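The values are calculated or read from the model by the stated rules, or taken from the named source; none is laboratory data. Since we're looking at a predicted model, the values are computed, not measured. So basically every Cβ, Gly included, is an ideal-geometry build from the backbone, and we count neighbours across all protein chains shown. Quick note on the areas: whole protein, heavy atoms, side chains included, nothing else; ligands and nucleic acids left out. Shrake-Rupley method; radii C 1.70, N 1.55, O 1.52, S 1.80 Å.
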Amino acid sequence: MHQATLTTEPNGQADSSKDSLIASSWHTLFTVCFLAIHAYVGTIWAAHSRAGLGPARPLLYLRIIFLEFVALGVVVAGVKRRGVSLQTVFGKRWQSIGQVFLDLGLGICLLFLSTMLVSIIGGHQHNASQDQSIGYLLPQGSLEMALWIAVSLSAGICEEAVYRGYLQRQFSALTGNVWAGIVLSAAAFGGVHIYQGVQRASVIAVSAVLFAWFAHWRKTVRPGMFAHALQDAIAPLLLRMMRH
């Protein structure tokens, strides 16, 4: 199998702008099509749920978790078929507990920056109609809250790996430009959140640019995973606070 080669800068870090594809271009096309179908199905689920015709929230949460890991499985299969280490998607393995806490701290910083950015560019969207667009998702009761935490963790792991770890690298390699990879992956990320409405999806896409740049800078998606999971986990609390 073809092994992806990475060029090395003088400081010893890989320059992702010159990375080879970590999976075939056909696999990237398949992944994008899969995510587009995922986004389409998500809009249908959202419409049904808002109309009171969708499944109970616990079942909806389980569906979301399942599809998150299916998407991750698609990415892992393509990368493994190419004969490339999964570290190219997730970043280097932690070698010490200190590295874990470093990424956690950086993730909290990223979460803070992302929250500020979203509040600046999307603050005007906090109204009744916008809240209704995602109100059906908010957990009620301890069981749903526990499942929501599971959804948040799966989203943090799977979405960061798929969009920042995989698609961003693939788009950068295909275009030969790091920023093209960042913007295209962020646009794709915003696109799969279209079920939340065009305005929210646009804000999410802009926020995704920050996450993508951070992943490129750190050469790992692990801080982003922490930030993403925490951001989703506390989202219901923040939305309820903004209503009062």
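Quick notes on this one:
- Simple label model, 7 Å out from Cα along Cβ direction - residue 235 to residue 41, nm: 1.8 nm
- The calculated FRET efficiency for residue 26 paired with residue 217, based on their beta-carbon distance and R0 = 35 Å, is about 0.75.
- Estimated FRET transfer efficiency when R0 is 30 angstrom, pair residue 179-residue 199 (beta carbons, to 0.05): 0.80
- In region 28-109, chymotrypsin sites (Phe, Trp or Tyr not before Pro) in a DSSP loop with at most 15 other beta-carbon atoms within 10 Å: 94
- Cβ-based net charge around residue 72, under 11 Å, with every Lys or Arg adding one and every Asp or Glu removing one: -3
- Shape of region 151-199, Cα gyration tensor, a/c cut at 1.5: oblate
- Across region 86-98, coupling constants 3J(HN,Hα) worked out from phi with the 6.51/-1.76/1.60 Karplus curve, θ = phi - 60°, read 5, 5, 5, 8, 8, x, 5, 5, 5, 9, 7, 5, x Hz, and Gly and Pro carry x.
- Prolate/oblate/rounded label for region 60-126 (Cα gyration tensor, a/c 1.5): oblate
- Cα→Cβ-extended label distance, 7 Å offset, between residue 115 and residue 34, nm: 3.3 nm
- Legend: residues 43, 175, 28, sorted from most to least accessible area (1.4 Å probe; ligands, DNA and RNA excluded), read 175, 43, 28.
- In nm, spacing of pseudo-spin labels at residue 99 and residue 50 (7 Å Cα→C-beta vector): 4.5 nm
- Accessible surface ranking that places the most exposed of 182, 204, 157 first, with a 1.4 angstrom probe: 157, 204, 182
- Charge tally around residue 186: other residues with Cβ under 14 Å, Lys/Arg +1 each, Asp/Glu -1 each, net 0.
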